[in-house]
1. Please list, in order along the range 507-513, the HN-Hα scalar couplings obtained from phi with the Karplus expression 6.51 cos²θ - 1.76 cosθ + 1.60 (θ = phi - 60°), rounded to whole Hz, x for Gly and Pro.
2. Which ordering of Phe292, Phe11 is given by a fewest-first count of other beta-carbon atoms within 10 Å?
3. Hey, can you grab everything whose amide H is under 5 Å from the amide H of Ser293? Only 5+ residues off in sequence or another chain; H modelled, so Pro and N-termini drop out.
4. Just want the answer: with Cβ charges of +1 for Lys and Arg and -1 for Asp and Glu, which residue in Ala125, Ile140, Gly156 is farthest toward the dipole's positive end in the range 123-162?
5. Rounded, prolate or oblate for the range 449-516? Axes are the square roots of the Cα gyration tensor eigenvalues, ordered a ≥ b ≥ c, and the cut-off for rounded is a/c under 1.5.
6. For a test of the definition: using alpha carbon positions, the gyration tensor, and the 1.5 limit on a/c, classify the range 120-264 as rounded, prolate or oblate.
7. What residues of the range 1-24 lie in the reach of a label at Ala68, counting those whose backbone N is under 18 Å from a point 7 Å from the Cα along Cα→Cβ?
8. Which of rounded, prolate or oblate describes the range 409-472 when judged by the alpha-carbon gyration tensor and an a/c cut-off of 1.5?
Amino acid sequence: MRVLITGGTGFIGSRLTEVCRRAGHEVTALGQANTPGEAANVERLERAGARVVNVSVADPEALEPALAGAEVVFHLAAAQHEMNVPDAHFRRVNVEGTRNVLDAALRQGVRRVVHGSTIGVYGSADGVIDEGTPCRPDNIYGVTKLEGERLALSYGDRVELVVVRIPEVYGPGDRRLLKLFRAIERGKFINIGPGQNLHHPMYVDDLTAALLSLAVHPEAPGKVLLLAGREAISTNDMVVAVAAAVDTAAPKLRLPLGPLLGVATLMEVTLRPLGIQPPLHRRRMDFFRKTFSLRPTRAAELGIVPHTSFWEGARATAEWYRAAGLLGRHDGAGPIESRLTSSPGSGAMRSTVTPTEASPLIDTALDSVLAAQMEPFDSFWEAPTDIEKGYRTFGAFYRHNYLRWIPKDRSARILVISCGPGYFVNLLRQDGYANVVGIDSFPDKVAFATRHGLDCRVARAFGFLTASPSPWDVIIAEQELNHLTKEEILRFMTLCRDKLSEGGTVIVHAINGAHPIVGSESRWGNFDHYNAWTQYSLHQVLEHTGYQDIRVFPLNLYVFWTNPFNYVALAWDTLLRFFFLICFKMVGKSNTLFSKKIGAVGRKPSAK
């Protein structure tokens, strides 16, 4: 059978591709390699003999030749986890992308299309859910997936069409549950509430078996089928199963759900009207309180029965995590943390890493499990509504604040991480620098840079740096360090140091927690901010990770001199900083920088 799988480089799609190849099918996997995990999947699938085509379902012209000769199409590509993107992005992929796939399938004579939908179409429904449960999606992902379902069914008179509502899926290759496995393994998981609420996940191999069955079952076309795992499982049992899988005792600490829900509600009511994202909200605790089970009646009628219990699946998943190096590290400490020691008489951490030591093994899969997922570290978020205008205004900002720290050698190899539309890359190119590369994890932003002829690429920070074969002379992070946890910052700064040439320069910036007016709000006003800095702590981290000749400097905002009011703002800002300086001196503090944000530059020592 000749099979085409959209979303073929993702978790489910890559697993299905491998299963199809083992069954002797000829497989084309459509997908992209925007993350290190997807890039690794591409290599694995090509080794398995699959044809991998880098095509987006939003590109109808590229889809047409890719579908040539296919008998069955599994349409699994979707926009799902993207944060801070317009609703149009979800509609372009989940609805118009589906239309593009179906139109191409018709023109190429595809026999059957298995359309992957989601239990997200049910919204916040609880209790027992089956195919007859009303669809009430409560977010843009669910809304557009339901639209995609209905669009797919409208093609049922021209092609054999099956719609599959897929539940939460786990197993080897999945990183969504990695945080749960790690927290339990490291003894950091806390039970909240009685833990009797139900989940109904499905093991990935049970899902791929079901999909293959639906590709050939004579009674499947025209049906909308719900799929589910072998059994529903309570939160308590899930935690115990994971603990057994990672060979540790199940956590016993338990906090009451009611008071925490009350705190979450209070935070939502008081902080959201002020435009502040509450650090604790009710939806964040859905894992501990939302309860449902799935009843896949129609799938059972077709003989589709899952066989893997959660206990068995959790054990297999943990084994895969260990094989990938994601679990079982020095009591939870990664390669860098295991080389940290406590300073006598204090709780501070001192590094035993020296600049000339070999680079630690950095896990390229770390990108997909970084704490910040809504506004990830390796994508640039600050840009004007008019993206094009930013090439001038942000160019002025970078020129005023950063350019003096860049080496004068125009042939220097420079890497700009979280480059966004390429504002800094554009400035450097205009200033004569010939070897500048930008990376950002958001393809739509990189598209702007590409249209400007800039060498900007879609990539994740840790994976790209780890794979870089040659050293960089300068590494610049446009996104704030606040979007990394302390553990992730140590990993990132050490990796940057080891990827710099001798005497190479690193430039980073962060929110200034010492600013008496906005320091606290800037720290807590974004759910993906995990720390705030002062000039001392920023200097401390660079020194701690092996840099020298460190300078911490203010980032001045009022540099767009086209508006006369900027001069007024500059004067007011200068007065405030002087006032803050006097106040801090009066209480014995040595802070001298009171800009909203601060930057730091450090140099990798030369070998002695």
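FYI, it's all coordinate maths here, none of it is from the lab. Since the model is a prediction, treat every value here as computed from it, not as a measurement. Ideal geometry is used to build each Cβ from the backbone, glycine not excepted, and the neighbour counts take in all protein chains shown.
1. Each residue of the range 507-513 in turn: 10, 9, 8, 7, 5, 8, x Hz.
2. Ranked by crowding around the Cβ, least crowded first: Phe292, Phe11.
3. Amide H to amide H, under 5 Å and 5 or more residues apart or across chains, Ser293 pairs with Gly127, Val128, Ile129.
4. Ile140
5. oblate
6. In terms of gyration-tensor shape, prolate.
7. Output list for this probe position: 2-5.
8. Because a/c hits 1.5 or more and a/b fails to exceed b/c, the range 409-472 counts as oblate.
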